[in-house]
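The values are calculated or read from the model by the stated rules, or taken from the named source; none is laboratory data. This is a predicted model, so every value here is computed, not measured. Cβ: placed from backbone, ideal geometry, glycine included. Neighbour counts: every protein chain shown.
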Amino acid sequence: MREAARLAVADPLTGLLNRAGFDRRLREELDRDHRAGAVPGALVMMDLDRFKYVNDTWGHLSGDAVVRVIARFAIRAQVRSYDVPCRIGGDEFAVILPRSTPEQAEQVCGRILTTFSGTTRVVGEAIVRTTASAGVARIAGSADETMKVADLALYTAKDKGRD
């Protein structure tokens, strides 16, 4: 039963939390933040720039390999043990950063983006260059409000040239 519960919130491709797990953990963080004296958390939302091109050019298996590499080396390796990395959609990721200010979240976000920005990866027979854009928000209000602020910051980054 415990394995079934874990699988319900795990992304099978990356091992990160999936969208259902992300939603649950974000609500938990909001509940924690509302208790007296709790240090607020922050949310990083990111997605890969022009990822459709990767899938269209080298195929979905290569795209899956890129997503796995990014999840493992660019995201999971750059966060603290109690941070919560998630894959919330195809090429969309989020990291819940408990007890973090937006400034601290921007530093984490910078490390993640620097890790793979402009780096080429050999995936099968393809050489793939990926970049990502990201947005940061303080966890406050509701889950929807927090995500809306982070999404707005993410799309502002994309509008300003991506990466």
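Is it true that some residue in region 90-112 is within 19 Å of GLY21 (Cβ to Cβ), of a type in the set (D, E, K, R), over 12 Å from the mean Cα position of the chain (by Cα) and not in a helix (DSSP H, G or I)?
Checked region 90-112: no residue is within 19 Å of GLY21 (Cβ to Cβ), of a type in the set (D, E, K, R), over 12 Å from the mean Cα position of the chain (by Cα) and not in a helix (DSSP H, G or I).
Every residue, every condition in (1) in contact with a strand residue (DSSP E or B) (Cβ under 8 Å, 6 or more places away or on another chain); (2) surrounded by 14 or more Cβ atoms within 10 Å (Cβ to Cβ), yes or no:
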site	(1), (2)
PHE51	no, yes
ALA77	no, no
SER81	no, no
CYS86	yes, yes
PRO102	yes, yes
THR115	no, yes
ILE127	yes, no
MET147	yes, yes
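This table checks each residue for (1) within 23 Å of SER81 (Cα to Cα); (2) among the acidic types (Asp, Glu); (3) at pLDDT 75 or above.
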| residue | (1), (2), (3) |
| --- | --- |
| GLY110 | yes, no, yes |
| THR119 | no, no, no |
| GLY135 | yes, no, yes |
| VAL149 | no, no, yes |
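Against the definition (out of contact with any helix residue (DSSP H, G or I) (no Cβ under 8 Å at 6 or more places or on another chain) and assigned to a loop (DSSP other than H, G, I, E, B)), how does TYR82 come out, yes or no?
yes
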